[in-house]
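Quick one: structure below, then a few questions.
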Amino acid sequence: MAVYHLKTPISEEEIRKLKVSDVVYITGTIVTARDQAHKRALEYFKEGKALPINLEGLAVFHCGPVVAKEGDKWIAVAAGPTTSTRMDIFEDEFIKNFKVRVVIGKGGMGKKTTDAMAKYGAIYGAFTGGAAILAAKAIKNVKGVEWLDLGTPEALWIFEVEDFGPLAVAIDSHGNNLFMDVQKKVEENKQRIYQKLGLPL
Amino acid sequence: METKVVEEVAFNLLKQAVIYLPEDVKKALKKAYAEETSETGKTQLKAILDNIELAEKYKAPVCQDTGTIIFYAKAGAQAKNLDKVEQALINATRRATKEIPLRPNSVDPFTQKNSGDNTGRYIPFIHWEIVQGDALELTVMTKGGGSENVCVTGMLVPGEGINGLKKFVVDAVIKAGAQPCPPNILGVAVGGGADIAMKLAKKALLIPLDQHNPNPEIAKLEEEILEAVNMTGIGPMGLGGKTTVLGVHVDYAFRHPASFPAAVAFNCWAARRASARINSDGSVEYLTHKNVR
């Protein structure tokens with residue numbers, strides 16, 4: 001378990017060094033996107049429209065933050081990750097089209113995303129679900145917000161972060177997926193549990 | 001009972017719930033951190049404990065998903081102004097959304113429009129119970145979406161009995177995996193009907209972790225299920241480890257001879273709840289967060 005501190009924009013070379021179970025902290029720019037923002041971003045791409053921010057080398061964060069406005073300035077009050085599996089249907093295209101290097105969320109992602117990460121050079125960093133203040137304290141500045149018409153949880157929030165983490169590398173760019181490994185073990189353990197409970201296998 | 005007092009108390013309960021986790025939950029998480037053997041699992045529990053401390057220090061919501069707001073109201077039959085309680089709870093919710101702040105989490109399922117203030121048709125939801133006396137006891141649960149998405153109801157086969165229930169719970173936990181932000185708390189209920197089982201299961205999430213079922217047979221079942229689900233190896237945040245569930249609470253209702261309804265309600269580690277009693281003279285006792293103002 002190695003610890004890495006990465007600065008955005010992150011290169012493919014830096015990403016390829018990382019292995020599952022490593023711990024990563026990110027400094028630079030991360031952008032939130034949930035279901036609706038993923039959907040709209042891919043629609044924009046299809047229509048040849050540019051996104052409000054170039055995501056190349058950046059991290060996309062599955063997060064709907066609690067935000068407050070102090071004067072003209074937005075503040076991220078609480079900003080933990082949301083469940084990433086909902087974005088599984090979009091993420092391979094998202095990585096391919098927008099060249100993000102890190103996807104941050106909780107709960108892990110599936111085979112399609114794992115394959116895209118191996119192909120294009122990206123990782124999935126699991127941020128502890130619910131650790132919203134830990135995340136908010138690493139957000140030094142809200143640089144901007146786009147697509148607020150989607151509602152504050154679904155908008156694109158552009159955060160300037162310092163040592164944002166710990167992110168557990170749960171999918172690396174070599175086809176390894178920690179969540180899927182755990183699931184395999186859980187399936188094996190299931191038989192032992194049934195036996196212990198005296199249930200038919 | 002002054003509605004202003006009800007509104008103020010509901011606002012305070014929301015604030016207590018979203019910022020300060022109950023002592024029993026914190027204690028269970030600390031114990032889990034001490035006992036977890038998986039390295040990755042331990043980093044997750046460490047982040048959780050650090051986050052709880054930061055939330056208290058900065059008086060900010062412990063999780064950005066400040067949940068769907070559900071009130072449980074135990075109304076004394078002699079309490080006055082009960083017809084105005086609903087509006088007071090709605091007002092408190094609106095104020096809490098703006099002032100704490102809470103994330104606006106109330107969306108019209110047809111237009112997909114977010115009301116922006118955590119209110120909407122049937123939201124905040126209020127469970128009413130009429131009890132003796134003239135006091136009003138209010139409990140708020142702010143229920144996270146990640147753990148809500150894996151709650152399940154099942155109509156099991158009566159012939160399989162409690163064994164069927166055990167299997168149902170184990171399978172639900174395995175299927176949920178990393179999604180409900182483990183370590184979780186489980187509310188399990190059997191009997192009544194599909195809706196009744198889930199209502200009881202969800203309500204069981206309000207029981208403190210250090211409190212066990214007064215029926216020794218059911219307490220044993222809770223312990224057995226807890227041990228079983230922690231053998232899955234799902235671990236904190238689904239990244240592997242031995243802490244998957246912090247506690248299990250089982251409740252039941254009598255069932256129809258042909259039915260065996262069962263429900264499993266999941267709560268995330270950020271198991272937010274707060275209670276208070278408002279007496280008829282307007283005095284207020286905070287029941288879960290005695291040392292927090």
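Each reported figure results from applying straightforward, stated rules to the coordinates on display, with no laboratory input. No experiment lies behind these values; they were computed from the predicted model shown. Using ideal geometry, Cβ is built from the backbone for each residue, glycine included, and neighbour counts are taken over all protein chains shown.
Would you mind ranking B:Ser106, A:Ser11, B:Ser115 so that the residue whose beta carbon has the fewest other beta carbons within 10 Å leads the list?
Taking fewest neighbouring Cβ atoms as first place, the list is A:Ser11, B:Ser115, B:Ser106.
Tilt of helix A:111-120 relative to the longest C-alpha principal axis of chain A, in degrees (0 to 90, nearest 10)?
60
In whole angstrom, how far apart do the alpha carbon centroids of the range B:1-67 and the range B:177-221 sit?
20
Give me the number: length gained by fully extending B:Lys46 to B:Ala253, i.e. 0.36 nm times residue separation minus the C-alpha to C-alpha distance, one decimal in nm.
70.6 nm
Once you order the gyration tensor axes a ≥ b ≥ c over the Cα atoms, which shape class does the range B:215-293 get: rounded for a/c under 1.5, otherwise prolate or oblate by comparing a/b with b/c?
Taking the square roots of the gyration eigenvalues as a ≥ b ≥ c, the range B:215-293 is oblate.
Further, regarding this structure: When chain A is modelled as a GNM with alpha-carbon springs shorter than 10 Å, which of A:Gly28, A:Gly110, A:Gly48 fluctuates the most?
Highest fluctuation among the options: A:Gly48.
Let me ask something else about it. Applying 1/(1 + (r/R0)^6) with R0 = 51 Å to the Cβ-Cβ distance of B:Lys84 and A:Asp88, what FRET efficiency is obtained, to the nearest 0.05?
Working: r = 46 Å, r/R0 = 0.91.
It comes to 0.65.
Give me the lysines in straight-line cross-link reach of A:Lys112: C-alpha distance below 22 Å, same-chain residues under 8 apart excluded.
Hits, sequence-local ones excluded: A:Lys17, A:Lys19, A:Lys39, A:Lys46, A:Lys96, A:Lys99, A:Lys184, A:Lys185, B:Lys175.
Taking other Cβ within 10 Å of each residue's Cβ, how do B:Lys175, A:Lys185, A:Lys190 sort, fewest first?
Values: B:Lys175 10, A:Lys185 14, A:Lys190 18.
The fewest-first ordering by Cβ neighbours comes to B:Lys175, A:Lys185, A:Lys190.
How far apart, in nm, are two points set 7 Å out from the Cα along the Cα-to-Cβ line at A:Asp115 and at B:Asp117?
Each label point lies 7 Å from its Cα, and together they span 4.9 nm.
Let me ask you something else. Please name which of B:Thr43, B:Trp269, A:Pro153 has its Cα lying farthest along the dipole of the protein assembly as shown towards the positive end, using unit charges on Cβ (Lys, Arg +1; Asp, Glu -1) and the Cα centre as origin.
My answer, from the dipole projection, is B:Thr43.
If I model a spin label at A:Ala2 and A:Leu201 as a point 7 Å from the Cα along the Cα→Cβ vector, what separation in nanometres do I get?
Placing both labels 7 Å beyond Cα along the Cβ direction yields 4.1 nm.
Here's a follow-up. Limiting things to C-alpha atoms, what are the Rg and the maximum Cα-Cα separation (Dmax) for the range A:123-162, in angstroms?
Over the range A:123-162's Cα set, Rg and Dmax evaluate to 11.5, 30 Å.
Let me ask something else about it. Quick check: the angle from helix B:3-19's long axis to the longest principal axis of chain B, C-alpha only, nearest 10 degrees?
That works out to roughly 30 degrees.
Check the cysteines of the protein assembly as shown one by one and keep only those with no other cysteine Cβ under 4.7 Å from their own.
A:Cys63, B:Cys63, B:Cys151
I've got another one for you. Cα gyration tensor of the range A:3-197, axes a ≥ b ≥ c as square roots of the eigenvalues: rounded (a/c below 1.5), prolate (a/b > b/c) or oblate?
In terms of gyration-tensor shape, prolate.
Quick one: Debye curve from the alpha-carbon atoms of the protein assembly as shown only, equal weights, vacuum; give me log10 I(q)/I(0) at q = 0.09, 0.10, 0.12 Å⁻¹ to two decimals.
Here the Debye-derived log intensity ratios amount to -0.62, -0.76, -1.08.
Rounded, prolate or oblate for the range B:146-267? Axes are the square roots of the Cα gyration tensor eigenvalues, ordered a ≥ b ≥ c, and the cut-off for rounded is a/c under 1.5.
Prolate.
What list do you get for A:Trp147, A:Trp74, A:Trp157, B:Trp128 if you sort them by fewest beta carbons within 10 Å? Intermediate values should be presented prior to the final figure.
Details: A:Trp147 17, A:Trp74 21, A:Trp157 28, B:Trp128 12.
Final ranking by Cβ density, sparse to dense: B:Trp128, A:Trp147, A:Trp74, A:Trp157.
For chain B, what is the convex hull (Cα atoms) projected area averaged across all directions, in square nanometres?
About 15.7 nm², averaged over all directions.
Let me ask something else. Quick one: work out the % antiparallel among DSSP beta bridges in the protein assembly as shown, nearest 5. Each step should come with its number before you reach the end.
Numbers: 53 of 83 bridges.
Once the DSSP bridges in the protein assembly as shown are tallied, antiparallel ones form about 65 percent.
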